[in-house]
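Sharing a structure with you now.
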Amino acid sequence: MSGKACTSGAVMQAQRAVEQLRLEAATERIKISKAATELMLYCQENHRRDPLLSGVPASANPFKDKKTCVLL
């Protein structure tokens with residue numbers, strides 16, 4: 001009976017995997033060139049608000065070390 005339970009579990013897992021693959025296959029995709037263009041436009045429009053591109057002022061950075069570290 002334990003073999004039957006394992007087989008049933010394996011079948012259920014395979015059914016879930018098939019259902020997930022069907023959902024992914026049905027997802028409508030856009031062309032890479034269009035996505036790249038949209039991404040570039042978004043970055044150009046929002047670059048001033050992006051701390052990775054514009055940096056964080058030292059006075060506004062809460063993670064800046066207050067003291068220097070000295071090794072003995």
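Residues E45, E28, E38: which one is surrounded by fewer than 10 Cβ atoms within 10 Å (Cβ to Cβ), part of a helix (DSSP H, G or I) and of a type in the set (D, E, K, R)?
So the residue among E45, E28, E38 that is surrounded by fewer than 10 Cβ atoms within 10 Å (Cβ to Cβ), part of a helix (DSSP H, G or I) and of a type in the set (D, E, K, R) is E45.
If we keep just the residues of the stretch 48-72 that are of a type in the set (S, T, N, Q) and not in a loop (DSSP other than H, G, I, E, B), which is surrounded by the most Cβ atoms within 10 Å (Cβ to Cβ)?
This residue is S54.
Each value in this text was obtained by applying a stated rule to the coordinates, not by laboratory testing. Bear in mind the structure is a predicted one, so any value in this text is a computation, not a measurement. Cβ atoms come from the backbone with ideal geometry, glycine included; neighbour counts cover every protein chain shown.
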